[in-house]
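The values are calculated or read from the model by the stated rules, or taken from the named source; none is laboratory data. Since the structure is predicted, the reported quantities are computational estimates derived from the model, not experimental observations. Positions of Cβ are generated from backbone atoms using ideal geometry, with glycine treated the same way; all protein chains shown enter the neighbour counts.
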């Protein structure tokens, strides 16, 4: 009823034939050097399943036989023409002669066996192997937390996980000379990662492991495969923990640096806060002064505006004054010209007076009167008062001169009232 179940289960969870053959190549360095010493001895695979290992051995020129109790699994091996036998693997070994096999292997079989059958398998294998022959026992690795707690129990025929320390000890107990632990099928990319996380620790450890036990032999024969025995294989929990610890140290260092940076920033923030408080005090003080002096500022603004207007008026006044100066300059020039005319007139008057002195005639007064009228008309045109200092001085000089003149004719007729007034003044 369930003959095909295990084959279907293997096809789903174990992987393709090509993948399994690639994984099994890790064992060839332990086998090929011995196959040259024992070219006629065979390899026996207990629980051969689909026969990937038998096929790989045949590809490398090693005669091999397989035995399995599941007919469904053997159908795939028979299709490829492999030498297989249906039956119990332990019973098959018991029938094999001593010192006849180069290699005895059991891939993912021991977790299906009771402790008694496990002991019997390892003991019978040691008898059947040639000196220096190899026993390979591969099984799920309970170091991997995900395997030990979950994936191991996907197979309903599994009994319990077997720690590698136990399996290794059983081989030593049954007389094998040495054994090697190979951790297998891990994610190779983890090797290149400097740090790992918790997820890697949970499921990053090699999910499978194998114990390779070698039967006792001479030192020379054992030395043939020293090199693969001295190598390290796979990822252990300790390796991942070290990577995780390195990550933690890195994060702690970054955290420490961040704390230092934060502390420095806190100091800067405190200083800035103090500066802000001081500035706030001064700002409040300034605002208070501004508020108090707002009226004065308004007054100052008004004063400034008034000063601006006054400056504008002053500029207009300066322009007006400049225009006045220009006018006075022109007016002064006119006065200079007028002064020349006055000087000429005074010269004529002086000549007339001299003539009067010489002629003793008052007719000269008429000429003087006419000259004075001309002067007055000129002054009126220029807007100068009619009687000027020059006129008064001329009149006074005339009066002084007339005092020195002897006037005999008192019935003289005057051509002007002014001449009459001068005459009367002279006689008084």
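Scanning the stretch 119-154 for residues that are more than 26 Å from residue 42 (Cβ to Cβ), touching a helix residue (DSSP H, G or I) at 6+ places or on another chain (Cβ under 7 Å) and either surrounded by 14 or more Cβ atoms within 10 Å (Cβ to Cβ) or not assigned by TED's automatic domain parsing to the domain that holds residue 89 (or both) yields 140, 141, 142, 143, 144, 145, 146. The condition (being surrounded by fewer than 19 Cβ atoms within 10 Å (Cβ to Cβ), at pLDDT 85 or above, out of contact with any helix residue (DSSP H, G or I) (no Cβ under 9 Å at 6 or more places or on another chain) and part of a helix (DSSP H, G or I)) is satisfied by just one residue among 91, 25: 91. Could you run through the stretch 37-56 and say how many residues are in a helix (DSSP H, G or I) and either closer than 13 Å to residue 103 by Cα or touching a residue at least 60 places away in the same chain (Cβ under 8 Å) (or both)? Number of matching residues: 3.
Taking the conditions exactly as written (at pLDDT below 95, over 28 Å from residue 160 (Cβ atoms), crowded, with 18+ Cβ neighbours inside 10 Å and in the same structural domain as residue 208 (by TED's automatic domain parsing)), does residue 82 satisfy them or not? Considered against the rule, which asks whether it is at pLDDT below 95, over 28 Å from residue 160 (Cβ atoms), crowded, with 18+ Cβ neighbours inside 10 Å and in the same structural domain as residue 208 (by TED's automatic domain parsing), residue 82 comes out as yes.
Taking the criterion of being surrounded by fewer than 20 Cβ atoms within 10 Å (Cβ to Cβ), touching a residue at least 24 places away in the same chain (Cβ under 8 Å), in contact with a helix residue (DSSP H, G or I) (Cβ under 7 Å, 6 or more places away or on another chain) and not in a helix (DSSP H, G or I), would at least one residue in the stretch 162-175 satisfy it? Yes, because at least one residue in the stretch 162-175 is surrounded by fewer than 20 Cβ atoms within 10 Å (Cβ to Cβ), touching a residue at least 24 places away in the same chain (Cβ under 8 Å), in contact with a helix residue (DSSP H, G or I) (Cβ under 7 Å, 6 or more places away or on another chain) and not in a helix (DSSP H, G or I). Looking at 218, 273 in this structure, which one is modelled with pLDDT of 90 or more and out of contact with any helix residue (DSSP H, G or I) (no Cβ under 8 Å at 6 or more places or on another chain)? Just a single option satisfies the conditions, and that option is 218. Scanning the stretch 98-118 for residues that are surrounded by fewer than 18 Cβ atoms within 10 Å (Cβ to Cβ), in contact (Cβ under 8 Å) with a residue 40 or more places away in the chain and part of a helix (DSSP H, G or I) yields a single hit, 112. Residue pairs whose Cβ atoms lie under 8 Å apart, sitting 6 or more positions apart in sequence or on different chains, and linking a residue in the stretch 217-245 that is under 12 Å from residue 178 (Cα atoms) to a partner that is at pLDDT 95 or above and in a helix (DSSP H, G or I), are 225/29; 225/30; 225/33; 225/34; 229/30. Looking at the stretch 228-261, which of the residues that are out of contact with any helix residue (DSSP H, G or I) (no Cβ under 7 Å at 6 or more places or on another chain) and assigned to a loop (DSSP other than H, G, I, E, B) is surrounded by the most Cβ atoms within 10 Å (Cβ to Cβ)? So, considering only residues that are out of contact with any helix residue (DSSP H, G or I) (no Cβ under 7 Å at 6 or more places or on another chain) and assigned to a loop (DSSP other than H, G, I, E, B), the one surrounded by the most Cβ atoms within 10 Å (Cβ to Cβ) is 234. Has the stretch 186-204 got at least one residue that is touching a strand residue (DSSP E or B) at 6+ places or on another chain (Cβ under 7 Å) and assigned to a loop (DSSP other than H, G, I, E, B)? Within the stretch 186-204 (the criterion being touching a strand residue (DSSP E or B) at 6+ places or on another chain (Cβ under 7 Å) and assigned to a loop (DSSP other than H, G, I, E, B)), the answer is no, since none of the residues qualifies.
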